[in-house]
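Everything on this sheet refers to the single structure shown next.
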Amino acid sequence: MIQKDYIMRMIEQMGKILAKVLLNKEEGKQEEAIKEIDNSFGDLVGIDLMLLKTLPIENVIALFGISKDKYTGSMKCLITAKLLKEKSQLYKSVAWEESIENNHRALGLYLYGILNIGYTEIDLTDYID
């Protein structure tokens, strides 16, 4: 029950962050949207942005604790991947290489998250697509 509450709070926080990002995006404030995403990693999934950018995906996943708690670690992978995907979209027109790098990391995290999550009450259809 505690684990489920924790996961639901993470998802709720991610929703709030994405709402701010999308609002900034609609208002043409790309830099603010990117800053919102960058600042959210530490609070939301407990990993510093520089570690996320420099460590190999396998090490990032290990930091998420996927070997100890597959469900929570997998959700952290999926949430981080979603944020990276949004960041990639923001960089698409201004920094193509950064966009590709974020997409690549997001794909790796999506795959690890989906393959290790096991049973969940959360609909993963959008993530799988």
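The values are calculated or read from the model by the stated rules, or taken from the named source; none is laboratory data. Given the structure is predicted, the values throughout are model-derived calculations rather than measurements. Heads up: the accessible areas ignore ligands, DNA and RNA and are worked out on the full protein's heavy atoms, side chains in. Shrake-Rupley method; radii C 1.70, N 1.55, O 1.52, S 1.80 Å.
Can you list the HN-Hα couplings for segment 6-14, worked out from phi with the Karplus curve (6.51, -1.76, 1.60; θ = phi - 60°), rounded to whole Hz and with x for Gly and Pro?
Values per residue, Gly and Pro as x: 4, 4, 5, 5, 4, 5, 4, 4, 4 Hz.
When we measure straight from the Cα of Lys20, which lysines land under 27 angstrom away, once same-chain ones fewer than 8 places off are left out?
Leaving aside lysines fewer than 8 places away in the same chain, those within reach of Lys20 are Lys4, Lys29, Lys35, Lys53, Lys76, Lys82, Lys85, Lys87, Lys92.
Accessible area of the chain with a 1.4 Å probe: how many percent of it is carbon plus sulfur?
On the chain, the fraction of accessible area on carbon and sulfur atoms equals 55 percent.
Evaluate Rg over Rh across the chain, taking Cα atoms for both radii and Kirkwood's formula for Rh.
Answer for the chain: 0.95.
May I ask you to compute the full-extension gain from Glu12 to Leu51, defined as 0.36 nm times their residue separation minus their alpha-carbon distance, rounded to one decimal in nm? Don't skip to the answer; put the middle values down first.
Numbers: separation 39, 0.36 × 39 = 14.04 nm, distance 2.40 nm.
Gain in length upon complete extension: 11.6 nm.
For every helix of n ≥ 4 consecutive DSSP H residues, a contribution of -39,500 (n - 2.57) applies; sum these over the chain, divide by its total residues, and give [θ] at 222 nm rounded to the nearest 500 deg cm²/dmol.
-25500 deg cm²/dmol
Residue by residue through segment 82-88, what is 3J(HN,Hα) from phi via Karplus (6.51 cos²θ - 1.76 cosθ + 1.60, θ = phi - 60°)? Round to whole Hz and write x for glycine and proline.
4, 5, 5, 5, 5, 4, 4
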